[in-house]
Amino acid sequence: MKYYKVNFTISCQQTALLDDCRDLVAALAGEAGFETFEETEDGLCGYVQQALFERETLDEVLTDFPIEAATISYNVSEAEDQDWNATWEAEGFEPIVVGPLVVHDGRHLPDQTENKTLIEIDAQLAFGTGTHETTQLMLGMLCAQPLANKTVLDCGTGTGILAIAALKQGAQKVTAYDIDEWSVDNARHNAIINMVDERLEVLHGDAHILDHITETFDVALANINRNILLEDMPRFANKMKKGSKLILSGFYKEDIPLLEEKAATLFLQKDKEETNGEWASLEFTLQAHA
């Protein structure tokens, strides 16, 4: 997976507002596809998949930065694949519990497994270990779904974590796709680890790949940034049937009205809304096709 490393330099006349500026830069950069951030001495460092980087959007939101005393500049460089591998191999992640699910890697096994469904994730340069709030929100909503014998569409699958969770909770079959080749390979790898590979199909491409799929699905999942969701929701709805569920995350609480407005045009009725910190998730039911 190819990433850009973007260093944001924040100059603020009121030093007490520096942390607020960092938070705002992170929130605004999320609209341009950024996934994760690190604090630096003079600002913030963000990481974004090269295929998902929306530079015009980033420039636009930073031009209208709401703290007038602040000046924001940034520079872009390629993040070394080797650096991501080294960090992963050195650290991994601690087990994460969401309802009946326990997500873990091969280095950190859970202490308690009774009455739990285990999902092992070997994240080789792919997004989705369960540590991010949006993944946890998606897993929580997925746990509440009656998935027995259902077909599921997983849009932007990353490590395949949501697809694997759906299959381990009884889904009959999952069709997943991702724009990134690393993610496609990693999702297939993780499906084998979790012994669900015979019921998981992972395709390489963006949402346009749905135009070539004739099947419709009982549940559609998408944990992607707001702008891509708004663009791709019509394609998701087109692959659903009346009564199908659409579960979304990857956006901030303030983005909820925009997604609800888009959903209404597609005859998607909101069932549920959940938040975790500044992040949000939404569940819809398709009432009819537009």
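The values are calculated or read from the model by the stated rules, or taken from the named source; none is laboratory data. The model shown is predicted, which means the values in this text are computed figures rather than measured ones. Reconstructed Cβ throughout: ideal geometry from the backbone, glycine too, with neighbour counts over all protein chains shown. The accessibility values were calculated without ligands, DNA or RNA, using every heavy atom of the protein model including side chains. Shrake-Rupley method; radii C 1.70, N 1.55, O 1.52, S 1.80 Å.
Structure above, values below:
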item: Residue in the range 44-60 that is in contact with a strand residue (DSSP E or B) (Cβ under 7 Å, 6 or more places away or on another chain), over 30 Å from GLU181 (Cβ atoms) and not acidic (Asp, Glu) present; result: no
item: Restricting the range 71-105 to residues that are in a loop (DSSP other than H, G, I, E, B) and at pLDDT below 75, the residue that is most open to solvent (accessible area, probe 1.4 Å); result: GLU80
item: Of all residues in the range 1-31 being in contact (Cβ under 8 Å) with a residue 40 or more places away in the chain and touching a helix residue (DSSP H, G or I) at 6+ places or on another chain (Cβ under 7 Å), the one that is nearest to VAL61 (Cα to Cα); result: GLU31
item: Filtered residues of the range 152-187 (kept if open to solvent by 10 Å² or more (accessible area, probe 1.4 Å), more than 23 Å from ARG226 (Cα to Cα) and not acidic (Asp, Glu)); result: LYS168, GLN169, GLY170, GLN172, LYS173
item: Some residue of the range 216-230 being out of contact with any Leu (no Cβ under 6 Å at 6 or more places or on another chain), hydroxyl-bearing (Ser, Thr, Tyr) and modelled with pLDDT of 95 or more; result: yes
item: Positions within the range 268-290 being of a type in the set (A, V, I, L, M, F, W, C), free of Cβ contacts under 8 Å to residues at least 60 places away in the same chain, over 13 Å from LEU229 (Cα atoms) and in contact with a Lys or Arg (Cβ under 9 Å, 6 or more places away or on another chain), in sequence order; result: LEU268, PHE284, LEU286, ALA288
item: Filter result (outside any helix (DSSP H, G or I), small (Gly, Ala, Ser) and surrounded by 18 or more Cβ atoms within 10 Å (Cβ to Cβ)) within the range 189-233; result: ALA220, ALA222
item: Filtered residues of the range 234-251 (kept if surrounded by 15 or more Cβ atoms within 10 Å (Cβ to Cβ) and basic (Lys, Arg)); result: ARG235, LYS239, LYS245
item: Scan of the range 252-289 for residues that are within 14 Å of MET240 (Cβ to Cβ), open to solvent by 50 Å² or more (accessible area, probe 1.4 Å) and not in a loop (DSSP other than H, G, I, E, B), ordered by number; result: GLN269, ASP271
item: Selection within the range 1-60 - modelled with pLDDT of 85 or more, small (Gly, Ala, Ser) and either closer than 17 Å to ILE228 by Cα or open to solvent by 70 Å² or more (accessible area, probe 1.4 Å) (or both); result: ALA29
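One line per residue, one yes/no per condition, for (1) surrounded by 13 or more Cβ atoms within 10 Å (Cβ to Cβ); (2) at pLDDT 70 or above; (3) among the aliphatic types (A, V, I, L, M):
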{"residue": "ARG107", "(1), (2), (3)": "no, yes, no"}
{"residue": "PRO110", "(1), (2), (3)": "yes, yes, no"}
{"residue": "THR113", "(1), (2), (3)": "no, yes, no"}
{"residue": "THR117", "(1), (2), (3)": "yes, yes, no"}
{"residue": "ILE121", "(1), (2), (3)": "yes, yes, yes"}
{"residue": "LEU147", "(1), (2), (3)": "yes, yes, yes"}
{"residue": "LYS150", "(1), (2), (3)": "yes, yes, no"}
